[in-house]
Amino acid sequence: MNTLPLQFLVMTLAGWVSRSQQEVIDYLLEENRILREHHGNKRLRFTDSQRRRLARKAKKLSRKALLNLETVVTPDTLLRWYRNLIARKYDGSKARGVGRPRTAVDIERLIVRMARENHRWGYTRIRGALRNIGHEIGRNTIKRILSANGIQPASLRRKGMSWETFLKSHWGAIAAADFFNIEVLSHFGLIRYFVLFVMDLRTRRVNIVGISNQPDGRWMKQITRNLTDAYDGSLMGTRYLIHDRDPSFTRDFRMILRAGGVGTVKLPAQSPDLNAYAERFVRSIKEECLSQIIPLGERHLRRAVTEYTEHYHLERNHQGIGNELIERPNEAAHGRVECRERLGGMLKYYYRRAA
């Protein structure tokens, strides 16, 4: 008889607790809906700590229960976070030792250098050359390094000699010729002048062989005869002269050179890289000199070109030859520092004057 009021009390309390929990759940569900509406389609960003907390809670619920809750994240995402949590627990990658060490960068550069400078050397030959200087590198490692640097096997590289190798193998016996033009202001308006020069590729020494506003065939013939003069021709001792496909380099031009013992190499069309040293001189004289002045007549142009050429040989350091001067004058090691100026101070050279 006394147990009935107690059972009734327990049932009443249980119902009240259940209603209270449901009210809490209803409130949280509504809060999630409002949160979704507030963020719209924007993706929520959770920290790793927040993911772990939600994953642990989701583990206790079934997929069906999670679907009924209308959670902020999908049930699949919660369960995936839980699986990742387990995977991290048993992840032993941090305890693993390091694998095979990578080949040192300086050795990789040496391998690439050997392949580029010796186009007939295969992987085994390069391996032997490395062993000679104390580096034991596997053949497959050499193959992988060359492949990563876009270098083909020796069987493909040896089919033809590179232009760089050709030039260096003929250093001292090969020169380059080229034109550049400049607009000169005269009494008759702007007149285009053409400057022809020849460069010795080994020393980078430049010889201005002609300046004209009408470089026709007769002018080119006379210039060519001057170049091959037996006493003071600029091409004395030169075996080959490379030039582009400018129409001024006529058939007569090539024949006169050939008669003087100088062969000509006509470069392919649109290939300025094959005459890079001459192209670099054109860029230098224009950027450092001619683009900084207004040539007032042919005489002014000739003076500017002559002054710059002297500066180019005696006073300008060249990165292509170790940042040195083409012709180093005999100067004092000690003394007051002075400045030599050309073209009104546009070109400067600092040196020590003997006491």
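Computed values, structure above
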item: Ser212, Ser147 arranged by Cβ crowding within 10 Å, fewest neighbours leading; result: Ser147, Ser212
item: Sum of side-chain charges, Met220 neighbourhood, beta-carbon under 12 Å (Lys, Arg +1; Asp, Glu -1); result: +2
item: Per-residue Cβ neighbour rank within 10 angstrom, fewest leading, Leu241, Leu130; result: Leu130, Leu241
item: Net charge over other residues, Cβ less than 11 angstrom from the Cβ of Ala129 (K, R count +1; D, E count -1); result: +3
item: Summed residue charge, Cβ within 12 Å of Glu108's Cβ, Lys/Arg positive, Asp/Glu negative; result: +3
item: FRET efficiency, 1/(1 + (r/R0)^6) with R0 41 Å, evaluated for Glu136 and Lys286 via beta carbons; result: 0.20
item: Alpha-carbon radius of gyration plus Dmax, which is the widest Cα pair, for the stretch 169-315 in Å; result: 15.1, 49
item: Residue order, fewest to most surrounding Cβ atoms within 10 angstrom, among Ser271, Ser49; result: Ser49, Ser271
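Every number in this text was worked out from the coordinates using simple rules, so none of it is lab data. All of these numbers come straight from a predicted model, not from anything done at the bench. Ideal geometry is used to build each Cβ from the backbone, glycine not excepted, and the neighbour counts take in all protein chains shown.
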